[in-house]
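The values are calculated or read from the model by the stated rules, or taken from the named source; none is laboratory data. Computed from a predicted structure; not experimentally measured. In this analysis, Cβ positions are derived from the backbone assuming ideal geometry, glycine residues included, and neighbour counts consider all displayed protein chains. For the accessible areas, the whole protein counts, side chains as well, though only heavy atoms, and no ligand, DNA or RNA atoms are used. Shrake-Rupley method; radii C 1.70, N 1.55, O 1.52, S 1.80 Å.
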Amino acid sequence: FGISLRGFVFEVNLRELSHGKFVDTYGGTPWCMAACPRNATIVIGCEDGCRLFDYTDIQLEYKKSLASAGSRVLSVAYHPKLSQLYFGCADGTIRCVHEDTGVSLHRLTGDVSRGLNTFIFCLAVLSDSTVVSGDNRGHLQVWDGSTGVLAYSFKQHAADIRCVCSDSEEDMIFASGTDFRVVCIRRIRSRSSDDPSSSSKTPRKGL
(Lines give C-alpha, C1' and ligand atoms only; values in the text may rest on other atoms or scores of the structure.)
Protein backbone atom coordinates (compact mmCIF):
# COMPACT_ATOMS: atom_id res chain seq x y z
CA PHE A 1 0.00 0.00 0.00
CA GLY A 2 1.08 3.55 -0.65
CA ILE A 3 -0.15 7.11 -0.27
CA SER A 4 -0.13 10.11 -2.58
CA LEU A 5 -0.02 13.82 -1.80
CA ARG A 6 -2.97 14.14 -4.16
CA GLY A 7 -5.18 12.62 -1.47
CA PHE A 8 -5.57 8.90 -2.05
CA VAL A 9 -4.38 5.49 -0.89
CA PHE A 10 -3.45 2.83 -3.42
CA GLU A 11 -2.56 -0.83 -3.66
CA VAL A 12 0.43 -2.29 -5.50
CA ASN A 13 0.68 -5.92 -6.61
CA LEU A 14 4.41 -6.70 -6.45
CA ARG A 15 3.98 -10.07 -8.17
CA GLU A 16 2.25 -8.63 -11.21
CA LEU A 17 3.92 -5.20 -10.93
CA SER A 18 0.56 -3.48 -11.26
CA HIS A 19 -1.60 -1.05 -9.31
CA GLY A 20 -4.74 -2.21 -7.57
CA LYS A 21 -7.53 -0.23 -5.98
CA PHE A 22 -7.31 3.55 -5.45
CA VAL A 23 -9.25 4.96 -2.47
CA ASP A 24 -9.76 8.54 -1.32
CA THR A 25 -8.28 9.29 2.11
CA TYR A 26 -11.37 11.31 3.10
CA GLY A 27 -9.01 13.62 4.95
CA GLY A 28 -7.08 15.59 2.37
CA THR A 29 -3.35 15.15 1.87
CA PRO A 30 -1.90 12.05 3.59
CA TRP A 31 1.50 12.45 5.28
CA CYS A 32 2.25 9.06 6.86
CA MET A 33 1.06 5.47 7.10
CA ALA A 34 1.47 2.46 9.41
CA ALA A 35 0.11 -1.09 9.57
CA CYS A 36 -1.48 -2.56 12.68
CA PRO A 37 0.42 -5.64 13.99
CA ARG A 38 -2.78 -7.25 15.30
CA ASN A 39 -5.26 -7.09 12.43
CA ALA A 40 -5.65 -6.14 8.77
CA THR A 41 -5.79 -2.40 9.35
CA ILE A 42 -3.65 0.48 8.14
CA VAL A 43 -3.77 4.01 9.51
CA ILE A 44 -3.21 7.10 7.41
CA GLY A 45 -2.16 10.42 8.96
CA CYS A 46 -3.95 13.32 7.24
CA GLU A 47 -4.52 17.05 7.54
CA ASP A 48 -7.12 16.83 10.31
CA GLY A 49 -6.55 13.44 11.92
CA CYS A 50 -6.17 9.75 11.13
CA ARG A 51 -8.13 7.56 8.74
CA LEU A 52 -8.28 3.80 9.28
CA PHE A 53 -8.65 1.40 6.35
CA ASP A 54 -9.31 -2.33 6.35
CA TYR A 55 -7.54 -4.58 3.86
CA THR A 56 -9.12 -7.94 4.69
CA ASP A 57 -9.09 -10.19 1.61
CA ILE A 58 -6.90 -7.55 -0.09
CA GLN A 59 -9.90 -5.22 -0.45
CA LEU A 60 -8.92 -1.76 0.77
CA GLU A 61 -11.95 -0.14 2.41
CA TYR A 62 -12.46 2.91 4.59
CA LYS A 63 -13.11 1.95 8.22
CA LYS A 64 -13.34 5.07 10.44
CA SER A 65 -11.69 8.35 11.45
CA LEU A 66 -9.80 9.45 14.55
CA ALA A 67 -9.56 13.17 15.27
CA SER A 68 -6.31 14.91 16.23
CA ALA A 69 -7.69 18.15 17.71
CA GLY A 70 -7.37 19.91 14.36
CA SER A 71 -3.64 19.45 13.81
CA ARG A 72 -1.91 17.83 10.83
CA VAL A 73 -0.70 14.28 11.58
CA LEU A 74 2.90 13.82 10.40
CA SER A 75 3.76 10.41 11.91
CA VAL A 76 1.90 7.36 13.19
CA ALA A 77 2.92 4.21 15.07
CA TYR A 78 1.08 1.29 16.66
CA HIS A 79 2.01 -0.20 20.02
CA PRO A 80 3.46 -3.69 19.33
CA LYS A 81 1.33 -5.35 22.02
CA LEU A 82 -1.33 -3.02 23.40
CA SER A 83 -4.35 -1.62 21.55
CA GLN A 84 -2.82 1.83 21.35
CA LEU A 85 -2.08 4.17 18.47
CA TYR A 86 0.36 7.07 18.67
CA PHE A 87 0.49 9.96 16.24
CA GLY A 88 2.85 12.92 16.05
CA CYS A 89 1.36 16.26 15.06
CA ALA A 90 2.43 19.56 13.51
CA ASP A 91 1.75 21.36 16.81
CA GLY A 92 4.62 19.56 18.57
CA THR A 93 2.45 17.06 20.44
CA ILE A 94 2.25 13.27 20.44
CA ARG A 95 -1.17 11.80 21.12
CA CYS A 96 -1.95 8.31 22.30
CA VAL A 97 -5.44 6.93 21.69
CA HIS A 98 -7.15 3.58 21.97
CA GLU A 99 -7.05 2.12 18.48
CA ASP A 100 -10.61 0.77 18.63
CA THR A 101 -12.52 3.52 20.44
CA GLY A 102 -10.35 6.54 19.67
CA VAL A 103 -10.47 7.57 23.34
CA SER A 104 -7.50 9.78 24.25
CA LEU A 105 -5.10 8.13 26.71
CA HIS A 106 -2.07 10.44 26.81
CA ARG A 107 -0.88 13.72 25.37
CA LEU A 108 2.88 14.14 25.15
CA THR A 109 4.27 17.62 24.54
CA GLY A 110 7.54 17.78 22.60
CA ASP A 111 10.24 20.44 22.63
CA VAL A 112 7.95 23.37 21.98
CA SER A 113 9.43 26.88 22.18
CA ARG A 114 7.68 30.19 21.72
CA GLY A 115 8.02 31.45 18.16
CA LEU A 116 9.36 28.14 16.82
CA ASN A 117 7.35 25.40 15.15
CA THR A 118 7.96 21.82 16.24
CA PHE A 119 6.94 19.03 13.87
CA ILE A 120 6.99 15.41 15.06
CA PHE A 121 8.21 13.76 11.85
CA CYS A 122 8.74 10.18 13.11
CA LEU A 123 7.77 7.81 15.91
CA ALA A 124 8.74 4.37 17.19
CA VAL A 125 6.92 2.50 19.98
CA LEU A 126 8.61 -0.35 21.85
CA SER A 127 7.02 -3.34 23.59
CA ASP A 128 7.50 -1.83 27.07
CA SER A 129 5.60 1.32 25.98
CA THR A 130 8.75 3.38 25.48
CA VAL A 131 8.07 5.97 22.77
CA VAL A 132 10.84 7.51 20.67
CA SER A 133 10.20 10.64 18.59
CA GLY A 134 12.19 12.74 16.14
CA ASP A 135 11.35 16.31 15.13
CA ASN A 136 12.31 19.09 12.75
CA ARG A 137 14.67 20.68 15.28
CA GLY A 138 16.93 17.64 15.45
CA HIS A 139 15.76 16.44 18.85
CA LEU A 140 15.52 12.70 19.51
CA GLN A 141 13.33 12.21 22.56
CA VAL A 142 12.53 9.13 24.63
CA TRP A 143 9.22 8.99 26.48
CA ASP A 144 7.57 6.78 29.05
CA GLY A 145 4.47 5.91 27.05
CA SER A 146 2.64 4.61 30.13
CA THR A 147 2.61 8.01 31.83
CA GLY A 148 3.38 10.41 28.99
CA VAL A 149 6.51 11.72 30.74
CA LEU A 150 9.67 12.72 28.86
CA ALA A 151 12.60 10.58 30.04
CA TYR A 152 15.53 11.66 27.82
CA SER A 153 16.24 14.18 25.11
CA PHE A 154 19.22 14.13 22.72
CA LYS A 155 20.41 16.81 20.31
CA GLN A 156 22.73 14.94 17.97
CA HIS A 157 21.21 16.06 14.67
CA ALA A 158 21.62 19.45 13.02
CA ALA A 159 18.44 19.19 10.95
CA ASP A 160 15.14 17.30 10.62
CA ILE A 161 15.01 13.74 11.97
CA ARG A 162 12.97 11.82 9.42
CA CYS A 163 13.23 8.20 10.54
CA VAL A 164 13.58 6.26 13.80
CA CYS A 165 13.61 2.49 14.30
CA SER A 166 14.81 -0.14 16.76
CA ASP A 167 16.64 -3.44 16.46
CA SER A 168 14.85 -6.74 17.08
CA GLU A 169 15.97 -6.83 20.73
CA GLU A 170 14.79 -3.25 21.28
CA ASP A 171 18.15 -2.44 22.85
CA MET A 172 19.22 0.09 20.23
CA ILE A 173 17.43 2.97 18.56
CA PHE A 174 18.61 4.37 15.23
CA ALA A 175 17.72 7.84 13.99
CA SER A 176 18.47 9.47 10.67
CA GLY A 177 17.58 12.74 9.01
CA THR A 178 18.40 15.35 6.43
CA ASP A 179 21.87 16.06 7.88
CA PHE A 180 23.25 12.78 6.44
CA ARG A 181 23.89 11.40 9.92
CA VAL A 182 22.78 8.19 11.62
CA VAL A 183 22.69 8.24 15.43
CA CYS A 184 22.48 5.12 17.58
CA ILE A 185 21.20 5.21 21.16
CA ARG A 186 21.89 2.08 23.15
CA ARG A 187 20.01 0.92 26.22
CA ILE A 188 22.35 -0.41 28.91
CA ARG A 189 20.72 -3.29 30.77
CA SER A 190 21.65 -4.21 34.33
CA ARG A 191 23.64 -7.42 34.81
CA SER A 192 22.90 -7.66 38.53
CA SER A 193 19.58 -9.43 37.98
CA ASP A 194 18.11 -11.88 35.54
CA ASP A 195 14.77 -10.15 35.83
CA PRO A 196 14.15 -8.11 32.66
CA SER A 197 12.00 -5.69 34.66
CA SER A 198 15.09 -4.59 36.57
CA SER A 199 16.85 -3.42 33.41
CA SER A 200 18.30 0.04 33.39
CA LYS A 201 16.84 2.35 30.80
CA THR A 202 19.82 4.68 30.72
CA PRO A 203 20.79 5.05 27.06
CA ARG A 204 24.25 5.62 25.63
CA LYS A 205 24.75 7.91 22.69
CA GLY A 206 26.87 6.75 19.79
CA LEU A 207 27.57 7.58 16.17
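Close amide H contacts of PHE121 (hydrogens built in the peptide plane, cut-off under 5 Å, sequence separation of 5 or more or a different chain): GLY134, ASP135, ASN136. For the chain, the equivalent ellipsoid derived from the Cα gyration tensor has semi-axes of 29, 20, 17 Å, listed largest first.
Taken over the chain, lysine pairs spaced eight or more positions apart, or on distinct chains, with alpha carbons under 28 Å apart number 8. The distance between label points at LEU150 and PHE10 comes to 4.0 nm (points 7 Å beyond Cα on the Cα→Cβ vector). Note on THR29 and GLU170: the extension gain reaches 47.5 nm, defined as 0.36 nm multiplied by sequence separation minus the Cα-Cα distance.
Accessible surface computed residue by residue for the chain, with neighbouring protein chains in place and a 1.4 Å probe, gives 52 Å² per residue. Evaluating 6.51 cos²θ - 1.76 cosθ + 1.60 at θ = phi - 60° for every residue in the stretch 127-135, the Karplus couplings come out as 5, 8, 6, 6, 10, 10, 10, x, 10 Hz, glycine and proline recorded as x.
Compute the FRET efficiency between ASP57 and LEU105 as 1/(1 + (r/R0)^6), taking r as their Cβ-Cβ distance and R0 = 30 Å, and round to the nearest 0.05. After rounding to 0.05, the efficiency reads 0.45. If you add up the charges near LEU105, with Lys and Arg at +1 and Asp and Glu at -1, over every other residue whose beta carbon is less than 11 angstrom from its beta carbon, what do you get? Its environment carries a net charge of +1. Rounded to the nearest 20 debye, the dipole magnitude of the chain is 580 debye, with +1 charges on Lys and Arg beta carbons, -1 on Asp and Glu beta carbons, and the Cα centre as origin. With the simple model of a label 7 Å out from the Cα in the direction of the Cβ, ARG186 to ASP128 spans 1.7 nm. Here the accessible area of the chain is 51 percent carbon and sulfur, with a 1.4 angstrom probe and all protein chains present.
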